[in-house]
Number of protein chains: 2
Amino acid sequence: MAKRITLTFPDGSKREYDAGVNGLDVAKSIGARLAQACLAIKLNGNLMDAFLPLDSDGTIQIITFDTPEGKEIFRHSTAHVFAYAIQELYPDAKNTIGPAVEEGFYYDFDDLPATPEDFEKIEAKMREIVKRNESVTRIEMTLAEVKKTFAKNKYKIEMADEFSTKGEKVTAYKIGDNFIDVCRGPHVPMTGQIKAFKLTKVAGAYWRGDAKNKQLTRIYGISFPEEKQLKQHLALLEEASKRDHRKLGKELDLFMFHDWSPGSPFMLPKGTIIYNELLSFIRAEYKKNGYDEVVTPQLFNKALWEASGHWQHYKENMFLMNVDGEEFSLKPMNCPSHVLIFKNSTKSYRDLPLRIADFCMLHRNELRGVLGGMTRCRKFSQDDAHIFCTPEQIAMEIQRLLDFIKHVYVDVFKFEYEAKLSTKPAKAMGADDLWQKAEKGLADALDKAGMKYVVKPGEGAFYGPKIDFDVKDALGRMWQLATIQLDFQMPLRMEATYEGPDGTKHNPVMIHRAILGSLERFMGVMVEHYAGKFPLWLSPEQAKVVTISEKSEEWAKEAVELLKEAGIRAKLDNRNETLNKKIREAELEKVNYICVIGEKESADRTFNVRSRDDKSQKTMSLADFVNKCKEEIRKKQ
Amino acid sequence: MAKRITLTFPDGSKREYDAGVNGLDVAKSIGARLAQACLAIKLNGNLMDAFLPLDSDGTIQIITFDTPEGKEIFRHSTAHVFAYAIQELYPDAKNTIGPAVEEGFYYDFDDLPATPEDFEKIEAKMREIVKRNESVTRIEMTLAEVKKTFAKNKYKIEMADEFSTKGEKVTAYKIGDNFIDVCRGPHVPMTGQIKAFKLTKVAGAYWRGDAKNKQLTRIYGISFPEEKQLKQHLALLEEASKRDHRKLGKELDLFMFHDWSPGSPFMLPKGTIIYNELLSFIRAEYKKNGYDEVVTPQLFNKALWEASGHWQHYKENMFLMNVDGEEFSLKPMNCPSHVLIFKNSTKSYRDLPLRIADFCMLHRNELRGVLGGMTRCRKFSQDDAHIFCTPEQIAMEIQRLLDFIKHVYVDVFKFEYEAKLSTKPAKAMGADDLWQKAEKGLADALDKAGMKYVVKPGEGAFYGPKIDFDVKDALGRMWQLATIQLDFQMPLRMEATYEGPDGTKHNPVMIHRAILGSLERFMGVMVEHYAGKFPLWLSPEQAKVVTISEKSEEWAKEAVELLKEAGIRAKLDNRNETLNKKIREAELEKVNYICVIGEKESADRTFNVRSRDDKSQKTMSLADFVNKCKEEIRKKQ
């Protein structure tokens, strides 16, 4: 009888198989659909090809496209199929590297004279390879074998040379008999699994990213197991590109950028209205929640950052300068200045919790290359606050914050969101026991609130663990916005104390928190989420009063003034243009209500109000329209 | 017959006198009171002792204490009388220098063991000298004579040595026969004129201000022609010191400073309320006046400052730093960033006037030694705006600004103010004809508005002339707050253009303007003006609800919540302390209304409301009190 092995599945169940079984066979033993979806396996926690034999007991997980690892393997294999197609169509092209990346995959080639016009032809060849449903196999090669096989491709030889420095063999993957690539794997078992793919763009790239080397042709693509998924993805990409906040921000005159201040948005008048509305909204919430607002300096002596620990742990992100012959920095965070405020007067336990809020500008020296519109800025402001409390108050304060976040994201913005608990990073300060206490404090609060979360090991701030909240936008994309961070370190390092009921000094605990996060980033996300069609309370232009002819100009002018006095952001369009043109332009500006005034409306002192959202048209008196708007603004609909 | 001379007076009238007449005689010829008040004269525009003979025709002005020159001479002479008294009381003391300064005068002595306890004795000696009404005379001395006369005073010899480098004689002033001082003068004719004086403080000072030299004793004093003026002045000083915004800011928890961020105020929660109320007030005015608010970056590449001219004319006031290997600066002014916004899209004459407002933080590298509380900061924000307009629109825009300033300062803050027109400075950019045009533009607008002003030659900004507004506070002190600056240069240098009705490109004119000026400085001035007793709309704590006993606690707690919901900044004092103590503390906090709740009020759901300002007491329902407050806030009373 053949040797038998026992495999344990993620749900704890166990099954026995003949030794030599492979992952694909195991998947088949469970079901045909799982076998079809099986891209690779995880054996005892390590990724492995599904077509390699298994010889001993272990834990097994079938890797499908639903997992991050599955997506990566799937797209990496697609890159191989793509290179295979290129080899058939462009025999002189030399493939170099071809990894999976966030947006799909790419492959870099030398001597590949392809342009987007050739994509269709290449995709047709890829479809042939997929249709042939060729098997993927894994082999090991000596360096000598590689040099012989890839005699015409110096890049593969150079890479194999590096991989095999210790004289070890290198792995390579074959598709059928005609394509081979030096590669670590793993890969999907059959090309037939790669049902849906699309090449998306061509870019230049240097061999090993070094501009001194030859420029290669990089072709990007995306792939899915099902055609339907690809279509959905392409539609999403198209929608996302229409909603790109950099594009809409420009079209709608919300903000601008200038080379002379990289990474620092200029909020134009319309963007400033949104920015100020967000501030007013958060300020009103602060009043209800017992926060005190402060305004703090921008520039601080190095001594502050040494005391807080930023100098040791965050210096490379700070803008440094010389002031009065000493080292100063623009502040990247508000926390240490709030500790100075805390220390400005004697504090007793009766003063706690003390919630200090601050909308001051922050500067972080992000690399110029990673700056991107409003979502990655060097200069930004947060709806930042720090809560100083006793250890006993932590649970209650975190609970209040979870409620606050829920109110803002669910009640007001109607978002879904997820929580992530990030724990001690490699570059951290403070004793382990305090870290464990803080991590437990956050986990307990989440548990008590019945809130699900995933743990992100090592992703905490250098001074403490944190809960981050990922918010899902209208296109289903996740954006990390709110954060709650628990910090036992900074009050200790900066010697902040309060007098306890026992008459002795204690260090308070500090909770760092932001609800919207960076206001700039939040605005960028909102522009994309709403596709520029802001709800009335946030909208820079709430009403446009449009005249049909100059006969209705008198009432139109008066109406605009009356609307403004009532607090509605209204503008007049009395240009000598056609009504259609004026309405079309107001629609492009995404004005919430277009109030058309003709002779009849002029006589009755009414408007014909067209709603941007439900496309309804209704004749209304000014008072009725004002009341409708005020109610909509009050409800933040 | 003796030689006759003709003197012309400021009003154009002429009088004849015998040659040899002196200023005092001339004053006498006009009236005994003028003679008594005559401290010196201005002959042909030059200051001169009133006791020196006049030999030829000329213009004459009698200098009295009412003029800045008169005050300076009077106090300089007081310093001599003071040194005379020291000579009699402390024969070993060596006088060095003794000028008039803004706060009065001082005299520095070596070997003077006097302390404030000795002031009375010294003042008594000074009174003796004044009572003797000794004459002041002017003599000329050779260096040899000085060395002989001041044999025991190396300082006077050192100074005389410097004065007479060309072998010229030096001047000296005698009082009677017993006191002589090397001095340029002029001085009052008789010690009897110095009727009222007071020594105010002792300080250390180094000879020639150099810490390597010996430390001297500096004694400060103040003097007036009348006792009544001195008393008023001392009362004012006492009141001003009580109102010192640094002191009150600390007592009332409005703001704080920290050595780690010199010159940068931290607005504490109560200060932030005032700051935000001022912003809201100005924002509401902007809505009425057609301004658009923007938010701009803090850090700009040197290229921007070179384009605007700040690099060439203002660099020493800027905080510089290295970003991405290039020179950057924190912005000291908003103007160039507003030009970038102007240039962001094509502009036509129909877009003008364009009024761009900005409350962003500014940083100016003031010398650390001159930083002082909120009135001289390194970091501050202005209610800044720039108006881009056509040359034809200048007059109307300036007129609107004069109205705006009048509304804010007269209607709202009930201030008096004065205007100053400052013209082209030595360090200026741009062609002379544009400067003249701009200066005339401002002068014409002031004339048209019927507004009086003084001209301050050479005190304009480097890019254009300006009108500054000095506002008179409750103590009669003048503070420069608002400013209007006319600028033909920056749009030209930065190539900002609009398309005119003629279809060609033109440079707009730029008006730089601030109404409150620096918000920090304005707040500092307001703290002193109101002595911390802010009007209700600006007050950080509008109402304090005070319980008489715990029996009234329930209604008190509910009342505070209801007040807060109604938008009134209310706090509860339900401590177990006496009513008197609680009221006294609320008064020290300068709370506008103290709402006392006893058993009767609890039963009726009312308060006994005590007004901070008129000390009235009145029992009111919550609704009546809220309405009263809202009305007071609306009227900004």
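The values are calculated or read from the model by the stated rules, or taken from the named source; none is laboratory data. Please read all numbers here as calculations on a predicted model, not as lab measurements. Cβ: placed from backbone, ideal geometry, glycine included. Neighbour counts: every protein chain shown. The protein model used for the area step is the full one, side chains on, heavy atoms only, and it has no ligands, DNA or RNA in it. Shrake-Rupley method; radii C 1.70, N 1.55, O 1.52, S 1.80 Å.
Quick check on the protein assembly as shown: of the DSSP beta bridges with both residues there, what percent are antiparallel, nearest 5%?
Of those bridges, close to 85 percent are antiparallel.
Could you tally up the Lys pairs in the range A:170-263 with alpha carbons closer than 18 Å? Skip any pair fewer than 8 positions apart unless they're on separate chains.
Number of lysine pairs found: 8.
Would you kindly state how much longer the chain becomes between residue A:30 and residue A:214 on full extension, computed as 0.36 nm times their sequence separation minus their alpha carbon distance, in nm to one decimal?
The residue A:30-residue A:214 span can extend by a further 61.3 nm.
Within 10 Å of each Cβ in peptide B:281-291, how many partner chain Cβ atoms are there on average? Round it to a whole number, please.
1
Does the range A:468-596 come out rounded, prolate or oblate, given a ≥ b ≥ c as the square roots of the eigenvalues of its C-alpha gyration tensor, rounded meaning a/c under 1.5 and, failing that, prolate meaning a/b above b/c?
prolate
In peptide B:328-339, what is the residue-averaged number of other protein chain Cβ atoms found within 10 Å of each Cβ?
The per-residue average across the peptide is 2.
Shortest first and in nm to one decimal, what separations exist between residue A:554 and its copies in the other chains, measuring from label points 7 Å along the Cα-to-beta-carbon line?
Copy-to-copy label distances at residue A:554, shortest first: 6.2 nm.
Hey, which residue of B has the C-beta nearest the axis mapping B onto A, and what's the distance in Å?
Of all Cβ atoms in chain B, the one nearest the axis gives B:321, 2.
Residues of B:265-276, mean number of Cβ from any other protein chain within 10 Å of their own Cβ, rounded to a whole number?
Counting other chains' Cβ atoms within 10 Å and averaging over B:265-276 gives 5.
Compute the Kirkwood hydrodynamic radius of the range B:68-241, taking the inverse of the mean of 1/r over all pairs of distinct Cα atoms, and give it in Å to one decimal.
Computed over Cα pairs of the range B:68-241, the Kirkwood hydrodynamic radius comes out at 16.5 Å.
Relative to the compact-globule scaling 2.2 N^0.38 Å, provide the ratio for the alpha-carbon radius of gyration of the range B:532-637.
The reported ratio for this selection is 0.97.
Please compute the net charge surrounding residue A:207, taking Lys and Arg as +1 and Asp and Glu as -1 over other residues with Cβ under 13 Å from its Cβ.
Residues close to residue A:207 contribute a combined charge of +2.
Could you give the nm distance between label points at residue A:228 and residue B:427, where each point is 7 Å from its Cα heading toward the beta carbon?
Modelled inter-label distance: 7.3 nm.
Past the 22 Å Cα-Cα mark, which pairs from B:533/B:581; B:121/B:154; A:406/A:448; B:448/B:636; A:448/A:505?
Cα-Cα > 22 Å for B:121/B:154; B:448/B:636; A:448/A:505; rest within.
What is the log10 of I(q)/I(0) for the range A:268-530, computed with the Debye formula using one identical point scatterer on each Cα and no solvent, at q = 0.09, 0.12, 0.17 Å⁻¹?
-0.40, -0.73, -1.56
Which whole-number percent gives the relative contact order of chain A, counting Cα pairs below 8 Å spaced six or more residues apart?
8
Applying 1/(1 + (r/R0)^6) with R0 = 60 Å to the Cβ-Cβ distance of residue B:127 and residue B:316, what FRET efficiency is obtained, to the nearest 0.05?
0.80
7 Å from Cα along Cα→Cβ at both residue A:564 and residue B:474: what's the point-to-point distance in nm?
3.6
For the range B:268-530, report the accessible area per residue in Å² (1.4 Å probe, heavy atoms, rounded to an integer).
37
Can you sort B:633, A:568 by solvent-accessible area, 1.4 Å probe, largest first?
Heavy-atom accessible area, descending, gives B:633, A:568.
Quick one: putting +1 on the C-beta of Lys and Arg, -1 on the C-beta of Asp and Glu, what dipole do you get for the range A:68-241 around its Cα centre, in Debye to the nearest 20?
Using only the charged Cβ atoms, the result is roughly 320 debye.
Taking a point 7 Å out from Cα toward Cβ as the label site, list the nm distances between residue B:15 and the same residue in every other copy, smallest first.
Spelled out, the distances from residue B:15's label point are 12.4 nm.
For residue A:148 and residue A:184, FRET efficiency with R0 = 30 Å and r from the beta-carbon atoms, rounded to 0.05?
0.90
Give me D for the range B:110-204 in µm² s⁻¹, whole number, from Stokes-Einstein with Rh from the Kirkwood sum over alpha-carbon pairs, 20 °C and 1.002 mPa s.
Rounded to a whole number, D works out at 142 µm²/s.
Based solely on its DSSP helices, what 222 nm [θ] is calculated for chain B when runs of n ≥ 4 H residues each add -39,500 (n - 2.57) and the sum is averaged over all residues, nearest 500 deg cm²/dmol?
When only DSSP H runs of four or more count, the value is -10500 deg cm²/dmol.
Could you tell me the center-to-center distance, by alpha carbons, between the range A:478-549 and the range B:112-150 in angstrom?
When both Cα centres are located, 68 Å separates them.
For all pairs of alpha-carbon atoms in the range B:188-238, what percent lies in each bin of width 5 Å, listed from the first bin to the last filled one?
5, 18, 18, 15, 13, 14, 11, 5, 0
For chain B, give the percent of accessible area contributed by carbon and sulfur heavy atoms, probe 1.4 Å, rounded to a whole number.
Of the solvent-accessible surface of chain B, carbon and sulfur hold 49 percent.
Chains A and B: what accessible area do they bury, summed, in square angstrom to the nearest 100, with a 1.4 Å probe?
Interface between A and B: roughly 4000 Å².
Taking residue B:131 in one copy and the same position in all the others, each labelled 7 Å out along Cα→Cβ, what are the pairwise distances from the first, in nm, shortest first?
12.6
Just to make sure I understand: if all protein chains stay in place, what is the order of B:7, A:234 by accessible area at 1.4 Å, largest first?
Sorted by accessible area, descending: A:234, B:7.
Across all directions of projection, what mean area in square nanometres is found for the Cα convex hull of the protein assembly as shown?
69.7
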